[in-house]
Amino acid sequence: MTVVALIVILFPPMVIAFLLVMERVEEPLRRPTSPREVVEFLESATQGEVDTLAASGIRRAMARWRRRRRSRAQQRSETLV
């Protein structure tokens, strides 16, 4: 009886927490890719990023490219400090 009561009480907050986490995961996926970013991608993409583009599509390839650019920018800022 108490287990059922705990499930009934805890299930809605757990679902809400899951939805909030998924919202954070999905938000970057909703951001459209600008034409300028596509041109930059095509000019500076590595072979692995081009392979990702061919295998998984533009969204995943752009995400990989953005992560690489972000890590390079962080490395540059760390070396300047």
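The values are calculated or read from the model by the stated rules, or taken from the named source; none is laboratory data. Model, not experiment: these values are computed from the prediction. With ligands, DNA and RNA removed, areas are computed over all heavy atoms of the protein, side chains included. Shrake-Rupley method; radii C 1.70, N 1.55, O 1.52, S 1.80 Å.
Summary of values
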read-out	value
Kirkwood estimate for the chain, i.e. one over the average of 1/r between Cα atoms, Å	15.9 Å
Degrees separating the helix 47-56 axis from the principal Cα axis of the chain, which is the longest one	50 degrees
0 to 90° range, to nearest 10: angle between helix 35-44 axis and the chain longest Cα axis	60 degrees
Probe 1.4 Å, protein heavy atoms only - accessible area per residue of the chain in square angstrom	85 Å²
Carbon and sulfur %, accessible surface of the chain computed with the full protein complex present, 1.4 Å	66 percent
Rounded to 10°, Cα long-axis angle of helix 2-30 versus longest principal axis of the chain	20 degrees
